[in-house]
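Trainee: Dropping the structure in here first, questions after.
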Amino acid sequence: MNEHVHAATLSERADEIEEKMMHELAERIATKSVLFGMADGKIEMLNGFEFKKSNPDKYFLMGADPRLPKMPAKPTLIDFFKNRFASLNHLLQSATLALKNGHNEKIVLACLLHDIGVASFIRCDHGYWGAQMIEPYVDEEVSWAVRMHQALRFFPDSSVGYEYPQMYINNFGADYKPEPYIVRDYERARNHKWYMSARLICVNDIYSFDPNAKVNLDDFVDLIGRNFKQPEEGLGFDNTPSSHMWRTLMWPTRYL
Ligand SMILES: [Fe+2]
Ligand SMILES: [Fe+2]
């Protein structure tokens, strides 16, 4: 193999890696975690050394990604709602319906936060992830309900008029059966003192109770203030068991 061909192959390979695994920024290189590639059916990881060879003047991103909305130094839950959540409508519709139905603030907050796992982070086990994110900051009943709504959504409860969602039949097929861990968590939840709190999330968990309803995050700022213990240092910097999750949302393309 002559020098020229060898060089071309290396540079092609570098181009391919660049194309596939990362987005190059003006001054820094933003990397993709393995999980992002798995969503495209690929298990692969950036070889930093190889890429640096073709971009010797650039460093990897180790802070904020300039392509994403800027976060303040001490981010609040509202900052995450505004700058990191892909969609607010479903959460605001659910919380607005819970308010209309006269539920207490814990239930309204649980409805407002029940799908933040999906809205900001990941679909698989979104109830469990979402509950873990908020656990240090809300009443235990709220995070418990958020965790359990995921399992309860698959099981009807005629006492509150909740049926198995038609949407799940459309989305997963009529013969879909929840995994055993979901069934077990449902059974545990059924006899729990906060069962009805998680169940009320399901009852208010609809995609649009009124397509013309004006829903606005501003309507919930005071309720969040009363019921979400916003850390003074900012979410991510307060040394709780979920601080790292908020930091990852803030900086999803950091090299380490
Ligand atoms: Fe959900
Ligand atoms: Fe939902």
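Trainee: Taking only the alpha carbons of the stretch 69-108, what extent do you get along each of the three principal axes, in Å, biggest first?
Mentor: 36, 19, 9
Trainee: When only C-alpha pairs under 8 Å and at least 6 residues apart count, what is the relative contact order of the chain, in percent?
Mentor: The value is 25 percent.
Trainee: Once amide H atoms are built 1.01 Å from N in the peptide plane, which residues 5 or more positions from Ile29, or in another chain, come under 5 Å H to H?
Mentor: Tyr59, Phe60, Leu61
Trainee: Please list log₁₀ I(q)/I(0) at q = 0.07, 0.08 Å⁻¹ for the chain, using the Debye equation with identical point scatterers on the alpha-carbon positions.
Mentor: Cα-only, vacuum Debye calculation for the chain: -0.32, -0.41.
Trainee: Continuing with this model, one more query. Enter the mean projected area of the convex hull around the alpha-carbon atoms of the stretch 170-256, in nm², rounded to one decimal.
Mentor: On the way: hull surface 41.7 nm².
That works out to 10.4 nm², a quarter of the Cα hull's surface.
Trainee: What is the magnitude of the charge dipole of the chain about its Cα centre, with +1 placed on the Cβ of each Lys and Arg, -1 on the Cβ of each Asp and Glu, and no other charges, expressed in debye to the nearest 20? Working shown, then result.
Mentor: Values: 29 positive and 35 negative charges, 74 e Å.
Roughly 360 debye, rounded to the nearest 20.
Trainee: When the gyration tensor of the stretch 66-205 is built from Cα positions, what are the square roots of 5 times its three eigenvalues, in whole Å, from largest to smallest? The partial results should precede the final answer.
Mentor: Working: eigenvalues 133, 60, 43 Å².
Ellipsoid semi-axes (Å, largest first): 26, 17, 15.
Trainee: Next up: Taking 2.2 N^0.38 Å as the expected size of a compact globular protein, what ratio does the Cα radius of gyration of the stretch 45-137 give against it, to two decimals? Before the final figure, lay out the partial values.
Mentor: On the way: Rg = 18.3 Å, N = 93, 2.2 N^0.38 = 12.3 Å.
Computed over Cα atoms of the stretch 45-137, the ratio equals 1.48.
Trainee: Now for a different question. Spin-label point model (7 Å from Cα, Cβ direction): what's the Asn47 to Glu141 distance in nm?
Mentor: For Asn47 paired with Glu141, the spin-label model returns 5.7 nm.
Trainee: So, one more: From the residues Gln93, Pro75, Tyr59, which one has its Cα farthest along the dipole of the stretch 29-96 in the positive direction, the dipole being from +1 and -1 charges on Cβ of Lys/Arg and Asp/Glu about the Cα centre?
Mentor: In the stretch 29-96, that residue is Pro75.
Just so you know, all these numbers are worked out from the coordinates, no wet-lab data involved. It should be emphasised that the depicted structure is a prediction, and the values quoted were computed from it without experimental measurement. Don't worry about glycine lacking a Cβ; one is built from the backbone with ideal geometry, like all the others, and counts go over all protein chains shown.
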